[in-house]
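One structure is given below, encoded as structure tokens.
The values are calculated or read from the model by the stated rules, or taken from the named source; none is laboratory data. Every value quoted in this text rests on a predicted model; they were computed, and no experiment measured them. Here Cβ is always computed from backbone atoms with ideal geometry, including for glycine, and neighbour counts include all displayed protein chains.
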Amino acid sequence: MTLTGTRNYVGFGFGAIQAGLFLYEAYRSGNFEQLTVAEVMPDVVKSVRQAGGWFRLNIAHLNGIEHAQIGPIQIENPAVEADRMRLVQAVAAASEIGTAVPSISYYRSDAKESLHLVLAEGLRWKVILGERRAVVYTAENNNYAAETLEALVMEAIPSAERDAVAARVRFLNTVIGKMSGVVTDGDEIASQGLINITSGNRRAYLIEAFNRIQISRIHFDGPQFERGIDVFEEKDDLIPFEEAKLYGHNASHALAAYLGAFRQVRWIADLRTIPGGMDFLRGALIEESGTALMRKYAGLDAMFTAAGYQAYADELIERMMNPHLRDTVERVGRDLPRKLGWDDRLIGTLRLALEQGVEPRRYALASAVALSLLDGQVLEGEHSAADVLTGLWGTVERSAESEAQVLQWIEGGLRDLRGWVAAGYPDLEAFIQQG
């Protein structure tokens, strides 16, 4: 290994967020000499290499689709020893590293090519060679992803070397509200005029243009760390923004998906075809999520003011309804049992609202809709909300009082849902207001 003295980026996982956010922004910045990505799917590695290290993106703007080419990148399969060694060398030379794998459970395995082991070995070489400091962005949608990965990496480093490694790297959490996906249907790719990842790959990345991502504040001893990916926003405390994403963005997105699925529409943007659907969405996001978040985090940031949150909500709704993003209710609503979890977007938003003295009638109805999609007998009155939900919540710690309050609101949501159905699906927001 040799010193590079240049700014390099290394990514782990080659999905839509890695390709369409980290690699794209690193490439667009013009600040990096080398871009490297780790990917374990041999066919993907092969197709990018055959394309000379170039890959392609479809970027959904409000007025159409932009096609972008990124490269050349170096793509390596850590399961191949020669590739793994090049990855270790790339980590040693990197100033910025990004993980974008399916979940934090992918950080560690017993294999030599485990993500945490590759990072640990590369960071040890960084110290030995005197390479520049580095930050690691963790994009696994977990509030403590950075702390989890850091602990695994440090555990894999000999104790005598840990302090030196810790002085040269910072692990950062992220809040990524960027909507993206992978389109696999050939007819859909053709009908939308999308371009495949490479000419030898049948999939296409479709991502939105949005790139305002929050990250943990970077603190190093000595000179200030200068990021090459300069569009990210550093925050002293990410938890409020993580909650805004979960209880604002994710919750309202789920509301749109389950309402759409209930009324049998395919696209999130088709919420406009449901009478009162858009006003209902806006009311949930601003009057329920927004009011609760602003009360909890008053004075913390401009986002948690009436004007700041209104601007956030207006932009978010416009982005969610972007027809060029072609987001389906099926994709947004997938994994329904998890999304009805005690700490997840729907029930979590109900709880936040109640804790802040806000009546979450729209989210109660949205939870009832989701519950009816999971078990149709709930809507028919054959099963109660408690019959289904307490099983989903399992042994998650909660008070009997809080559980009873949440279930009471969801039973109210079921009554509203039955009334809306019986009335022939009138304007939903007007129906809620009249109730």
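I'm told residue 82 meets every condition in (1) out of contact with any Ser or Thr (no Cβ under 9 Å at 6 or more places or on another chain); (2) farther than 25 Å from residue 146 by Cα; (3) in contact (Cβ under 8 Å) with a residue 24 or more places away in the chain except one. Can you identify the failing condition by its number?
(3)
Take the conditions modelled with pLDDT of 95 or more and touching a Phe, Trp or Tyr at 6+ places or on another chain (Cβ under 8 Å) and apply them to residue 11. Does it pass? First the steps, then the outcome.
Working: modelled with pLDDT of 95 or more: yes; touching a Phe, Trp or Tyr at 6+ places or on another chain (Cβ under 8 Å): yes.
Yes.
Test of understanding: among 260, 200, which residue is in contact with a helix residue (DSSP H, G or I) (Cβ under 6 Å, 6 or more places away or on another chain) and surrounded by fewer than 18 Cβ atoms within 10 Å (Cβ to Cβ)?
When all the criteria are applied, what remains is 200.
Scan region 352-368 and give yes if some residue there is small (Gly, Ala, Ser), over 30 Å from residue 65 (Cβ atoms), outside any loop (DSSP other than H, G, I, E, B) and touching a Lys or Arg at 6+ places or on another chain (Cβ under 9 Å), otherwise no.
Yes, region 352-368 contains at least one residue that is small (Gly, Ala, Ser), over 30 Å from residue 65 (Cβ atoms), outside any loop (DSSP other than H, G, I, E, B) and touching a Lys or Arg at 6+ places or on another chain (Cβ under 9 Å).
If you go through region 133-180, how many residues are farther than 20 Å from residue 23 by Cα and in contact (Cβ under 8 Å) with a residue 60 or more places away in the chain?
Within region 133-180, residues that are farther than 20 Å from residue 23 by Cα and in contact (Cβ under 8 Å) with a residue 60 or more places away in the chain number 1.
Residue by residue, here is whether (1) under 22 Å from residue 135 (Cβ atoms); (2) among the hydrophobic types (A, V, I, L, M, F, W, C) holds:
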| residue | (1), (2) |
| --- | --- |
| 45 | no, yes |
| 50 | no, no |
| 53 | no, no |
| 59 | no, yes |
| 64 | no, no |
| 71 | no, no |
| 88 | yes, yes |
| 105 | no, no |
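Any residue that is out of contact with any strand residue (DSSP E or B) (no Cβ under 9 Å at 6 or more places or on another chain) and hydroxyl-bearing (Ser, Thr, Tyr) - is there at least one of those in region 94-108? I'd like the intermediate steps shown before the answer.
We begin by selecting, within region 94-108, every residue out of contact with any strand residue (DSSP E or B) (no Cβ under 9 Å at 6 or more places or on another chain); these are 102-103, 105, 108.
Still in the list and also hydroxyl-bearing (Ser, Thr, Tyr): 103, 105.
Yes, region 94-108 contains a residue that is out of contact with any strand residue (DSSP E or B) (no Cβ under 9 Å at 6 or more places or on another chain) and hydroxyl-bearing (Ser, Thr, Tyr).
Can you pull out the residues in region 263-277 that are within 23 Å of the chain's Cα centre (by Cα) and part of a helix (DSSP H, G or I)?
The answer is 268, 269, 270, 271.
Among (1) surrounded by 22 or more Cβ atoms within 10 Å (Cβ to Cβ); (2) among the small types (Gly, Ala, Ser); (3) in a strand (DSSP E or B), there is one condition residue 92 misses while meeting the rest; what is its number?
All conditions pass for residue 92, except number (3).
Tell me yes or no: at least one residue of region 315-324 is without any contact (Cβ under 8 Å) to a residue 12 or more places away in the chain, closer than 30 Å to residue 195 by Cα and assigned to a helix (DSSP H, G or I).
yes
Failed condition for residue 276, given (1) touching a residue at least 24 places away in the same chain (Cβ under 8 Å); (2) within 26 Å of residue 390 (Cα to Cα), with all others met?
(2)
If you check 161, 140, 188, 131, which single one turns out to be of a type in the set (D, E, K, R), touching a helix residue (DSSP H, G or I) at 6+ places or on another chain (Cβ under 8 Å) and not in a loop (DSSP other than H, G, I, E, B)? Give the steps one after another, and end with the answer.
Working: 140 fails: not in a loop (DSSP other than H, G, I, E, B); 188 fails: touching a helix residue (DSSP H, G or I) at 6+ places or on another chain (Cβ under 8 Å); 131 fails: not in a loop (DSSP other than H, G, I, E, B).
161 is the lone residue from the list that is of a type in the set (D, E, K, R), touching a helix residue (DSSP H, G or I) at 6+ places or on another chain (Cβ under 8 Å) and not in a loop (DSSP other than H, G, I, E, B).
Answer yes if at least one residue in region 213-221 is more than 23 Å from residue 149 (Cβ to Cβ) and in the same structural domain as residue 66 (by TED's automatic domain parsing), and no otherwise. Walk me through how you get there before you give the answer.
First, the residues of region 213-221 that are more than 23 Å from residue 149 (Cβ to Cβ): none.
Among the residues of region 213-221, not one is more than 23 Å from residue 149 (Cβ to Cβ) and in the same structural domain as residue 66 (by TED's automatic domain parsing), which makes the answer no.
For region 203-236, which residues satisfy the criterion of being over 30 Å from residue 327 (Cα atoms) and either of a type in the set (A, V, I, L, M, F, W, C) or outside any loop (DSSP other than H, G, I, E, B) (or both)? Full working, then the answer.
First pass over region 203-236, keeping only residues over 30 Å from residue 327 (Cα atoms): 217-228, 236.
Of everything in region 203-236, those that are over 30 Å from residue 327 (Cα atoms) and either of a type in the set (A, V, I, L, M, F, W, C) or outside any loop (DSSP other than H, G, I, E, B) (or both) turn out to be 218, 220, 225.
Looking at region 217-231, which of the residues that are surrounded by fewer than 21 Cβ atoms within 10 Å (Cβ to Cβ) and in contact (Cβ under 8 Å) with a residue 60 or more places away in the chain is nearest to residue 286 (Cα to Cα)?
Within region 217-231, the subset surrounded by fewer than 21 Cβ atoms within 10 Å (Cβ to Cβ) is 217-228, 230-231.
From what's left, in contact (Cβ under 8 Å) with a residue 60 or more places away in the chain: 218, 220, 225, 227-228, 230-231.
Details: 218: 32, 220: 38, 225: 37, 227: 34, 228: 35, 230: 30, 231: 27 Å.
Step by step, filter region 217-231, then rank; the result is 231.
Tell me, yes or no, whether region 285-296 has at least one residue that is under 24 Å from residue 139 (Cα atoms), touching a Pro at 6+ places or on another chain (Cβ under 8 Å) and not acidic (Asp, Glu).
For region 285-296, residues under 24 Å from residue 139 (Cα atoms), touching a Pro at 6+ places or on another chain (Cβ under 8 Å) and not acidic (Asp, Glu): present.
Got a number for residues in region 151-176 being within 30 Å of residue 246 (Cα to Cα) and out of contact with any strand residue (DSSP E or B) (no Cβ under 7 Å at 6 or more places or on another chain)? It would help to see each step written out before you state the result.
First, the residues of region 151-176 that are within 30 Å of residue 246 (Cα to Cα): 151-154, 169-176.
With out of contact with any strand residue (DSSP E or B) (no Cβ under 7 Å at 6 or more places or on another chain) added as a condition, the list becomes 151-154, 176.
Residues in region 151-176 being within 30 Å of residue 246 (Cα to Cα) and out of contact with any strand residue (DSSP E or B) (no Cβ under 7 Å at 6 or more places or on another chain): 5 in total.
Among the residues of region 369-383, is there at least one that is free of Cβ contacts under 8 Å to residues at least 24 places away in the same chain and under 20 Å from residue 267 (Cα atoms)?
no
Mind listing whichever residues of region 284-299 are crowded, with 17+ Cβ neighbours inside 10 Å and more than 15 Å from residue 350 (Cβ to Cβ)?
Residues satisfying the conditions are 286, 294, 297.
Look at residue 120 and say whether it is surrounded by fewer than 18 Cβ atoms within 10 Å (Cβ to Cβ), assigned by TED's automatic domain parsing to the domain that holds residue 226 and either farther than 24 Å from residue 213 by Cα or touching a residue at least 12 places away in the same chain (Cβ under 8 Å) (or both). Steps first, answer last, please.
Details: surrounded by fewer than 18 Cβ atoms within 10 Å (Cβ to Cβ): no; assigned by TED's automatic domain parsing to the domain that holds residue 226: yes; either farther than 24 Å from residue 213 by Cα or touching a residue at least 12 places away in the same chain (Cβ under 8 Å) (or both): yes.
Here the answer is no, as residue 120 does not meet what is asked.
Going by the conditions given, is residue 21 among the hydrophobic types (A, V, I, L, M, F, W, C), in the same structural domain as residue 82 (by TED's automatic domain parsing) and under 19 Å from the mean Cα position of the chain (by Cα)?
Working: among the hydrophobic types (A, V, I, L, M, F, W, C): yes; in the same structural domain as residue 82 (by TED's automatic domain parsing): yes; under 19 Å from the mean Cα position of the chain (by Cα): yes.
For residue 21, the condition - among the hydrophobic types (A, V, I, L, M, F, W, C), in the same structural domain as residue 82 (by TED's automatic domain parsing) and under 19 Å from the mean Cα position of the chain (by Cα) - is met.
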